[in-house]
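Every number in this text was worked out from the coordinates using simple rules, so none of it is lab data. Computed from a predicted structure; not experimentally measured. Virtual Cβ from ideal backbone geometry, glycine too; neighbours counted across all protein chains shown.
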Amino acid sequence: MLHYAGKEIDASVFCEYLAVASLFLGVLAAYFVGGAFAIRAVACAAAFAVVHIVAYGYLLLGSTSRAAKVDEVLPDFLSLVASNIRSGLTTDRALITSTREEFGPLTSAINNAGKSTITGMPLEQVLAQLCEYINSDTLRKTMRLIVEGMQSGGDMSELMEKTALDIRKFRSVRREIDAIILNYKLFILAAIALGAPLLYAVSTFLVDIMIAIKGKITATTMGDVSSAMQIGIFKGKLMLTSDAIIFFASVSIVVTVFFGCMAVGVMGSGRRMDGLKYFPFLAIVGLAVLFGIRLALGSVLSGMMGA
């Protein structure tokens, strides 16, 4: 995944940094949480897990972003290689000389693979080596097609031109599909970032009102709890607290946003992880809507809470 994300750091060194950061944040979490040993242990384990999850998500999103950039420029690269082959260059020289800065990750991957040609590595292995730096199914299938064409003695320039044309056609179809499902994606995003937090905000505020009213009723009965508990919806002992309800609503919003983003990723590109790039922003928006609506309702209906 470090190769796919374009990180030059050694994997063992990265794991060492990750372990140290996880332990450090775990100790901090246990220190600030306080309480019993079991609570401290849970906080430490949670911080340890969160660091690894964030690191994994960072590498996964980085590799996905690089793959998307390569898929975007791959048809232009193949067309340029085909032109260089027609001009008289060999296939390996045409690949190397077709690199441009605007091709981004594809240029660096080809340059790294091109160094292997100097050592005498067969071109088929060099092309297969490209897929070790970029996690793109389109690139992997394209390189496999080129290798099979070279082995069968086909016209490489024509093969690359047709491959580039097919990729452009497929990309055009994908754009049409994205335009069709855009409404569904927007509906999901609006539901998880606005609709659900709005409902949670109203319901948690209603619980606050019920708790306040029940406290007033209990106080006005001069301690006669038995008579206070028999009044309508306030019958029985109310086990809920405002803090517990708010915590439940916050966790539910974050979980809903997480799975909603995964659903958007599946609808957009067929990969669940592609939608996680929206998760941090939408989670913040959802929580902001929750507490913002609660604050607004508290300001408007403050008389009811204090009466």
>> Taking the 0 to 90 degree range and rounding to the nearest ten, how far is the long axis of helix 137-152 tilted relative to the main principal axis of the chain, both from C-alpha atoms?
In response: 20
>> Which of L78, L276 has the fewest other C-beta atoms within 10 Å, and how do the rest follow up to the most?
In response: L276, L78
>> Can you compute the FRET efficiency between I180 and Y17 using 1/(1 + (r/R0)^6), with r the Cβ-Cβ distance and R0 = 45 Å? Round to the nearest 0.05.
In response: 0.55
> Hey, fewest Cβ within 10 Å first, where do T256, T90 land in order?
Replying inline: T90, T256
> Modelled label-to-label distance, S108 and E72, 7 Å Cα→beta-carbon offset: nm?
Replying inline: 1.6
>> As a quick test, which of the pairs K7/K162; K7/K141; K162/K185; K141/K277 have an alpha carbon distance above 28 angstrom in this structure?
In response: K7/K162; K162/K185
> Using the alpha-carbon atoms, what tilt in degrees (0 to 90, nearest 10) does helix 37-86 show relative to the longest principal axis of the chain?
Replying inline: 30
> Taking only Cα atoms, what is the 0 to 90° angle, nearest 10, from helix 11-33's long axis to the longest principal axis of the chain?
Replying inline: 10
> 222 nm [θ] for the chain, helices only, -39500 (n - 2.57) per DSSP H run of 4+, per residue, to 500?
Replying inline: -26500 deg cm²/dmol
> Which residue, L189, L106, L199, tops the fluctuation ranking in a GNM of the chain built on C-alpha contacts under 10 Å?
Replying inline: L199
> Residues in region 242-284 near a label at V50, defined as backbone nitrogen under 13 Å from the 7 Å Cα→Cβ point?
Replying inline: 251
